[in-house]
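The values are calculated or read from the model by the stated rules, or taken from the named source; none is laboratory data. Keep in mind the model is a prediction, meaning the values are calculated, not measured. When we count neighbours, we look across all protein chains shown, and the Cβ atoms used for this are built from the backbone with ideal geometry, even at glycine. Ligands, DNA and RNA are excluded from the accessible area calculation, which covers all protein heavy atoms including side chains. Shrake-Rupley method; radii C 1.70, N 1.55, O 1.52, S 1.80 Å.
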Amino acid sequence: MKVKFFATYRQIANCKDFEIEAPADVLGLLKVLCRRWPEFSNKIVAPDGESLGADAIVLVNGRHIQHLDGVRTSLANGDTVTLLPLVAGG
Amino acid sequence: MAVGNAWIGTVLRVDLTTGTWGTEPLRMKDANDFVGARGLGTKYFCDECDPNVEPLSVENKLIYMTGPLTGTAATSAGRFEVVAKAPLTGTIGAANSGGHFGPELKFAGYDGIIFEGGADHPVYLYINDDRIELRDATHLWGKDVHKTTDMLIEECGNVRVSCIGPTGERGCLFSAIMNEKNRAAGRGGLGAVMGVKNLKAVVVRGTGPVKVARPEGFLRELTKARAIIQAHPVTGTGMAAYGTQILMNILNEVGALPLCNGRGGSIFDHADEISGEKLSETYLVKNQGCFGCSIACGRVTRIPDDSPYAGFGEGPEYEAGWSFGADCQVDDLAAVCKANFICNEYGMDPITLGATIACAMELSEMGAIPESDIGFPLRFGDSDAVVRLTKMCAEGEGFGKLLELGSYRMAEHYGHAELSMSVKKQEMPAYDARAIQGIALEYATSNRGGCHVRGYMIAPEVLGLPIKTDPLVTEGKGSLLKTFQDLTALCDSVGICLFTTFGMGLPEIAGQYREAVGSDESDEDILLKGERIWNLEKRFNMAAGVEKDTLPPRLLREALPSGPAKGKVAELQTMLADYYEVRGWTSEGEPTDEKLEQLSLG
Ligand code: SF4
């Protein structure tokens, strides 16, 4: 599966995207990312270690995970996960 | 509320026909009921101008109005509004701008300026505190916005300049009124109203104070509001780092980037090439802010001299990045920047122009516009053509004369008005209404035609601000949009920047307003003023015979072919019924007598 980064998360990961074997769910993926890039730790996972960081946006195939199964949204190879911090414009 | 309580208490009225002017007391009851800027400017306009006035006639009035917070230390309080009947739409035209011009007008001793009639030769209004002159502007006529601004600063010294470019002089239906070169009262074509009056510019220098009613309470409220803005990830650091262009990638990811005039798919493979991230890596020189703004979202950009698109200026904002970029399938960021620079220099709304070029591209590919009319082959993806057509429109040359009518009238000329991606003849901006149901409703009901900043439903539907709603469902969107529209009307009218509302909300706006004007009204009472303003605008539009609330047939019938919103159309009818009900309007979308009575508009 593919993981894409935008805004400051791209700077943390130092890449635009990468391919990875799909973990079982979004939370599993977030934990993999935190291990690989420790700077993500206090951003994409909340202090309880079980939910999404308050200022992170995660999309699975373009859908916000809040409208799927949250961090329990299951993942499969072929999926695209998009990660970015809260941003706005207009 | 009394004079001195955030208000100066004085309105300047200028009769351009006779070349005379005078001051009059600000109508304080109206200032209380309609807040300021957008609301108060609209109230003056509605009281003084026939709704059926021809927008491009000297009978159309042009009103500059500040808000009570404009020029105070409140959060991002540099905003002012220009109000007239809009040439592009025939609706009430109210366009908001930042920079420093609005505060300077108040420092000079005026809450607003009402321009009546038209001069028999080009003039500009010079204001230096209580010294006022209508000066000859023949030497400025035909000059672009940047040149005009430089010449006026050289001529008048340390002044703030609001002016039009050649497009406004010529009557381009989406010409903007620009201040401090790159800030725009951008939408609806108000620049052309200034042009028809032979009014090239307003320059102002002010040295007086703006006093608030309860300084201690005001300081307490603005300190609270500032802390919230600075601590928020968007208004604290995000917008300064990337500007509004940061939205390009995320809108693409959620499948909501309108492509190829709405004809295309839903994902632009080259979105990253024209994104905020890319702009920061390449052409960004620095960020900058308007008066009293810590958010500082402005982009100062430079395209190097060795590029065919060399230039220096500001932007692009996300909307221009989309209109000249994704909508035209252009992935050359330098070309997008160049087209945007030209818009600023000549005073044009880049949303309407980019969308009009995209519409021309579709018509051209269909064979509906003969190549001989344009002068060269026109297809999606041609960055040179986008810059070339932007210049042609700026100069009013050849096919540019049709472009300057906007997409509706241009497409109508070729027998395909249905392919104009506009509402009430104003182009919708950078969010596909099929992928975000809430913005579909906003586009259809906006009181100034296709517009995102009358009720920015992207905040909840995509970004989760202040709550996350599902963009693919219609339930609840009517009442959410009503709240956004009323709050936005309030925000625009107090004189602070709408972008502050990404971080703060009604309590902070109302708190600062109360202390500034010396009011004890509740938050709800203050929000009700936003609703009153919305209904006032609606009532004007009805009297002006503006067409009903709908969307282009493409968005209602042609489903998105792919992406996260695959199969979706804009489900407008369901949402409209819900919206009219929560607004207390008839099923035809007209405010009832009871509603008008409740809002003291009866
Ligand atoms: S947020 Fe941006 S547009 Fe708004 S006042 Fe600040 S710099 Fe100007």
| remark: Given pairs B:181/B:548; B:85/B:482; A:4/B:424; B:391/B:538; B:197/B:391; B:278/B:425 and cut-off 29 Å on Cα-Cα distance, the over-length ones are B:181/B:548; A:4/B:424; B:391/B:538; B:278/B:425
| Using a 1.4 angstrom probe and counting only protein chains, how large is the accessible area of residue A:58 in Å², to 10? | 0
| Taking both sides together, what accessible area is buried at the B/A interface, probe 1.4 Å, expressed in Å² and rounded to the nearest 100? | 2200
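On the protein heavy atoms, probe 1.4 angstrom, tell me the percent of accessible surface of segment B:14-165 carried by carbon and sulfur. Before the final figure, lay out each step's value.
Working: 2150 of 4490 Å².
Ligands and nucleic acids excluded, carbon and sulfur reach 48 percent.
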| Counting every Cα pair in chain A, what percent are over 15 Å apart? | 54
| Once you wrap a convex hull around the alpha carbon atoms of segment B:10-205, what is its projected area averaged over all directions, in nm²? | 9.5
| query | Can you give the net charge of the other residues whose Cβ lies under 12 Å from the Cβ of residue A:60, counting K and R as +1 and D and E as -1? | reply | 0
| task | With a 1.4 Å probe and every protein chain left in place, tell me how much accessible area residue B:224 has, in Å² to the nearest 10. | result | 110
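Let me check against my output: what whole-number percent is the relative contact order of chain B, with C-alpha pairs under 8 Å and at least 6 apart?
Numbers: 1500 pairs, mean separation 96.9, N = 602.
It rounds to 16 percent for chain B.
Give me the net charge of residue B:302's neighbourhood, meaning all other residues with Cβ under 13 Å from the Cβ of residue B:302; Lys, Arg count +1, Asp, Glu -1. All intermediate terms of the calculation are to be shown ahead of the outcome.
On the way: positive: B:286, B:299, B:338; negative: B:305, B:306, B:314.
Combined, the nearby Lys, Arg, Asp and Glu give 0.
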| task | Please work out how much length the chain gains when fully extended from residue B:273 to residue B:121, using 0.36 nm per residue of separation minus the C-alpha to C-alpha distance, in nm with one decimal. | result | 50.1 nm
| In peptide A:77-88, what is the residue-averaged number of other protein chain Cβ atoms found within 10 Å of each Cβ? | 5
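Take the solvent-accessible surface of the protein heavy atoms, probe 1.4 Å, and return the percent of it on segment B:450-602 that carbon and sulfur atoms account for. Before the final figure, lay out the partial values.
Values: 2840 of 5460 Å².
Of the solvent-accessible surface of segment B:450-602, carbon and sulfur hold 52 percent.
Suppose accessible area is computed on protein heavy atoms with a 1.4 Å probe; arrange B:488, B:237 from highest to lowest.
Details: B:488 5, B:237 95 Å².
Of B:488, B:237, the descending order of accessible area is B:237, B:488.
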| Based on the Kirkwood radius over alpha-carbon pairs, what is the Stokes-Einstein translational diffusion coefficient of segment A:47-90 at 37 °C with 0.692 mPa s viscosity, in µm²/s? | 288
| query | What aspartates and glutamates sit close enough to residue B:43 to cross-link, taking a C-alpha to C-alpha distance under 13 Å and skipping anything fewer than 8 places away on the same chain? | reply | B:30, B:33, B:81, B:537
| So what is the calculated 222 nm ellipticity per residue for chain B, using -39500 (n - 2.57) for each DSSP H run with n of 4 or more, over all residues, to the nearest 500 deg cm²/dmol? | -11000 deg cm²/dmol
| query | When DSSP assigns beta bridges and you keep just the ones with both residues in chain A, what percent turn out antiparallel, to the nearest 5? | reply | 75
| field | Net charge, residue B:36 excluded, C-beta distance under 11 Å - Lys, Arg +1, Asp, Glu -1 | value | 0
| remark: D (µm²/s, integer) via Stokes-Einstein for the protein assembly as shown, Kirkwood Rh across alpha-carbon pairs, 20 °C, 1.002 mPa s: value 85
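Determine the shielding of peptide B:315-321 by partner chains: average, over its residues, the number of Cβ atoms on other chains within 10 angstrom of each Cβ. Working shown, then result.
On the way: counts 0, 0, 2, 3, 2, 0, 1.
So the per-residue partner count for this stretch is 1.
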| Can you give the accessible area per residue of chain B, in Å², using a 1.4 Å probe? | 31
| remark: Put B:349, B:120 in order of accessible area, largest first, probe 1.4 Å, and you get B:120, B:349
| query | Ignoring ligands, DNA and RNA, how do A:2, B:391, B:43 rank by accessible area with a 1.4 Å probe, largest first? | reply | B:391, A:2, B:43
| said: Could you work out the pair-distance distribution P(r) of chain B from its alpha-carbon pairs, with 10 angstrom bin width and percents rounded to whole numbers? | reply: 4, 18, 30, 29, 15, 3, 0
| task | Determine the dipole magnitude for segment B:240-427: charges of +1 sit on the beta-carbon of Lys and Arg, -1 on that of Asp and Glu, nothing else is charged, the reference point is the Cα centre, and the result goes in debye to the nearest 20. | result | 440
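With the full set of protein chains in place, find how many percent of the accessible area of segment B:240-427 is carbon and sulfur; take the probe as 1.4 Å. Intermediate results must be reported in sequence, preceding the final value.
Details: 2640 of 5700 Å².
Carbon and sulfur atoms account for 46 percent of the accessible area of segment B:240-427.
Do you know the relative contact order of segment B:103-260, to the nearest whole percent, from alpha carbon pairs under 8 angstrom that are 6+ apart?
Working: 246 pairs, mean separation 37.7, N = 158.
The value is 24 percent.
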| query | Averaged over peptide B:233-241, how many Cβ atoms belonging to another chain are found within 10 Å of each residue's Cβ? | reply | 4
| note | Cα-based Debye curve of segment B:116-186 sampled at q = 0.13, 0.15, 0.23, 0.27 Å⁻¹ gives log₁₀ I(q)/I(0) of -0.36, -0.49, -1.16, -1.45
| remark: Ignoring ligands and nucleic acids, residue B:116 exposes an accessible area, probe 1.4 Å, in Å² to the nearest 10, of 40
